[in-house]
1. Please work out which one of (1) under 22 Å from Asp59 (Cα atoms); (2) within 13 Å of the ligand (Cβ to nearest atom); (3) crowded, with 22+ Cβ neighbours inside 10 Å is the condition Val91 fails and give its number.
2. Give the residues of segment 61-88 that are assigned to a helix (DSSP H, G or I), within 16 Å of the ligand (Cβ to nearest atom) and in contact with a strand residue (DSSP E or B) (Cβ under 9 Å, 6 or more places away or on another chain), sorted by residue number.
3. If you scan segment 261-277, which residues turn out to be in contact (Cβ under 8 Å) with a residue 24 or more places away in the chain and assigned to a loop (DSSP other than H, G, I, E, B)?
4. All but one of (1) loosely packed, with under 13 Cβ neighbours inside 10 Å; (2) of a type outside the set (D, E, K, R); (3) under 30 Å from Asp134 (Cα atoms) hold for Ser232, so report the exception by its number.
5. Of the residues in segment 27-42, how many are among the small types (Gly, Ala, Ser) and more than 11 Å from the ligand (Cβ to nearest atom)?
6. Looking only at residues that are within 14 Å of the ligand (Cβ to nearest atom) and over 17 Å from Gly76 (Cβ atoms) in segment 127-150, which one is nearest to the chain's Cα centre (by Cα)?
7. Can you tell me which of (1) in contact (Cβ under 8 Å) with a residue 24 or more places away in the chain; (2) in a loop (DSSP other than H, G, I, E, B) is the one Glu209 doesn't meet?
8. Taking into account only those residues within segment 43-55 that are more than 18 Å from the chain's Cα centre (by Cα) and within 12 Å of the ligand (Cβ to nearest atom), which is farthest from Pro154 (Cα to Cα)?
Amino acid sequence: MYTTSRLKIAVLTLAVMTAGLAAAGELPNIVILATGGTIAGAQPTEGDPGYKSGSLSIDSLIAAAPGMDKLARFTGEQIASIGSQDMNDEVWLKLARRANQLLATPEVDGIVVTHGTDTLEETAYFLNLVIRSDKPVVLVGSMRPATSTSADGPLNLYNAVAVAADPGASGLGVLVVSNDDLFAAREIQKTNTTDLQTFISPNRGQLGEAYYGKAWYFWRPTTRHTTASEFSIDGVEALPRVDIVYAHENADGMMVKAAVAAGAKGIVLAGVGDGNATKPMVDALAAAAAKGVVVVRSTRVGSGIVRRNIEVNDDALGFVASLELNPQKARVLLRLALLKTQSPAEIQRVFNEY
Ligand code: DGL
């Protein structure tokens, strides 16, 4: 078992040169920041479907992926040991700060973050907006615990290290490797509770592939990220509260009112269809917006674009349209935007650009 938040550094192997990703005589230096998740999960009894996330240390994860020493020189640090359902602002800020600190040194060529898959898409997008470097940052998880038959973690980690070590991954923003596929942080979405092929990018497609240590890139992100991002966590101790409210048949405005009463500075609507909701819910959102709470309309549908002023008059009600961002991604962007402004027009500009 591993102690939460305890920093542990394990310098593992000396570099061995092979053909491929590194310049002659040198391998890239990669730091693996571990946060827990199923990739570090252990079953109480082998073959048991139940398991505990974040049980294993970074050392054991690395030991389970033989051959990684031929891709890079690496060190591992334990940032947290949690199932990602418990991901929180404290770990986010610690992780982002440590990644920025490491990436600013010439000795570090790339970062891999091990993470549970439940909230991996949120952490990836948060890092995409606050990392200040063009160097590769790659998140990786697994769907099967490390002790399972056919555990998927070791090859996922191997491929993630290969991408982080690849200069071709520079400038693409934060990336995610899963089940041989490569995703842009803004586009990735978990879509299945247990399948290995859980991640997809419904609107823009996967960014590439990472296959047995070799990466292919199909397209480049065009929205702002990392070094082109205006967002910073320098001096930030707390992120504004933003709640997500879920629309459904016969919904009243109670959940919206509860969010306002709890002190939400922003509310994201997981709307039906094109970001719609019942009249009572829209009325409650309009009342919240009139009080200065920023309301962003997204959708529970899972793909597509929520555009302005289709069935809801955003101009009249002072709402923001999330465009391609699903509710959980819209929440991340809104929290960072609220550090700078509460103007719906300015926040719409942010959603247009990120
Ligand atoms: N609860 C999970 C988490 O850590 C397990 C799912 C996973 O990692 O695949 O996100």
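The values are calculated or read from the model by the stated rules, or taken from the named source; none is laboratory data. Keep in mind the model is a prediction, meaning the values are calculated, not measured. A quick note on method: Cβ atoms are made from the backbone with ideal geometry, for glycine too, and the neighbour counts reach across all protein chains shown.
1. Only one criterion is unmet by Val91, namely (3).
2. Once the filter is applied, which keeps residues that are assigned to a helix (DSSP H, G or I), within 16 Å of the ligand (Cβ to nearest atom) and in contact with a strand residue (DSSP E or B) (Cβ under 9 Å, 6 or more places away or on another chain), segment 61-88 yields Leu61, Ser84, Asp86.
3. Result: Ala264, Lys265, Gly273, Asp274, Gly275, Ala277.
4. (1)
5. 2
6. Met143
7. (2)
8. Taking segment 43-55 and keeping what is more than 18 Å from the chain's Cα centre (by Cα), we get 43-52, 55.
Next cut, within 12 Å of the ligand (Cβ to nearest atom) only: 50-52, 55.
Values: Gly50: 20, Tyr51: 17, Lys52: 17, Ser55: 15 Å.
The qualifying residue farthest from Pro154 (Cα to Cα) is Gly50.
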